């Protein structure tokens, strides 16, 4: 998950931007650009025109988004193949579903002097869904949740895999056409082993942070749950960062107009992603709050309707969902300083206190 302020600024000069646009689409010329600072990559809203058309011709102007790979120590888990899988998935979703995803205009994998890989995509209409208030009385937020649940069902139905793990672009895929299906990197045959990897990676990073004292207790808690819970699952396509900040919508009607940022995709248990999505759409509301219950029921009902299946919400199901919710907290411990870097200090400290209380309740 990426929150406002994630990562350092990476301003590109006008010449660098123009050269990058040209490298991705030699037939386009940069007219204007504005940075989009949120997120883990270098992103600009750009205006371009065809090289062979006059800039003064309004019919030639095209609005697009330029996305470039960012090199950062804090994002060392990111690789070129992880970055490029977003191109695969956008094109796959565009071809095979009615998901509102931006069309990909072009991609360039490498360059000696420019921030590559990079790709250009359609600039979709709408505003970030994160701007829509939870407590509105006009039903807009509830419609956003319902549409988001139905679209998430389409994501999970798009592909299944034979292992659990991060998705990467297939090696040697074409760069000027549909790249093909993504593949699992270093996959695990059991979902419990994949979850163990996620948790251990997070806990390994806690030493020296404000949450360092929680590590040993969380290791015991996690291992006990991994041993006793039924975590059998089918590895399906997970978006990996499905949250209001990565969706665009119409704030007046609640229509979802874009599903963005597929670069964190993985193969995993659909119920795991649902736990993340409930957390994000309820804006980290307490587990037993009315807001969280409302978001969960609305989302689950729409999701089940979209997939044509219904979860058996028995005790085993609820225990699994509670464990998945705890994993979201463990991941947040690792990334806290990055996810909340742009928040006001009072907001950040209040969240740190609440997060510590949530985790200590597990122990």
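We did not get these values from a lab; they are worked out from the coordinates using the rules stated. If you're wondering where the values come from, they're calculated on a predicted model, not measured in any experiment. Positions of Cβ are backbone-derived with ideal geometry, glycine not excepted, and every protein chain shown enters the neighbour counts.
Label-to-label distance for residue 293 and residue 98 is 3.4 nm, based on points extended 7 Å past Cα in the beta-carbon direction.
Using only Cα atoms and rounding to the nearest 10 degrees, what angle (0 to 90) does helix 14-24 make with the longest principal axis of the chain? Result, in degrees: 90. Under 15 Å from a label point set 7 Å out along the Cα-to-Cβ vector of residue 181, the amide N atoms of region 125-165 belong to 156-165. Orientation-averaged projection of region 127-362 equals 14.2 nm² [convex hull of Cα atoms, one quarter of hull surface area]. To the nearest 10 degrees, how steeply does helix 191-204 sit against the main Cα axis of the chain, on a 0 to 90 scale? Result, in degrees: 80. Roughly what angle does helix 345-362 make with the longest principal axis of the chain, taking Cα atoms, 0 to 90 degrees, to the nearest 10? With both axes taken from Cα atoms, the answer is about 40 degrees. Computed from label points 7 Å out along Cα-Cβ, the spacing between residue 223 and residue 200 is 1.1 nm. Oblate is the label for region 14-122. Its Cα gyration tensor axes, ordered a ≥ b ≥ c, give a/c of at least 1.5 and b/c at or above a/b.
Report the calculated FRET efficiency for residue 361 and residue 32 (r = Cβ-Cβ distance, R0 = 35 Å), to the nearest 0.05. Spell out each step's value before the answer.
Numbers: r = 50 Å, r/R0 = 1.44.
Efficiency at R0 = 35 Å is approximately 0.10.
Based on the Cβ-Cβ distance of residue 312 and residue 253, what FRET efficiency does E = 1/(1 + (r/R0)^6) give at R0 = 25 Å, to the nearest 0.05? Numbers along the way, then the final one.
Values: r = 34 Å, r/R0 = 1.36.
Here the calculated transfer efficiency is 0.15.
For the peptides 207-214, 253-260, 28-35, 272-279, the ranking by mean Cβ contacts within 10 Å, running from highest to lowest, is 272-279, 253-260, 28-35, 207-214. Be a star and scan region 229-255 for residues whose amide nitrogen sits under 13 Å from the point 7 Å along the Cα-to-Cβ vector of residue 283. Under cut-off, by backbone N: 244-245. With contributions of -39500 (n - 2.57) from each DSSP H run of at least four residues, the per-residue ellipticity at 222 nm computed over the chain stands at -13500 deg cm²/dmol.
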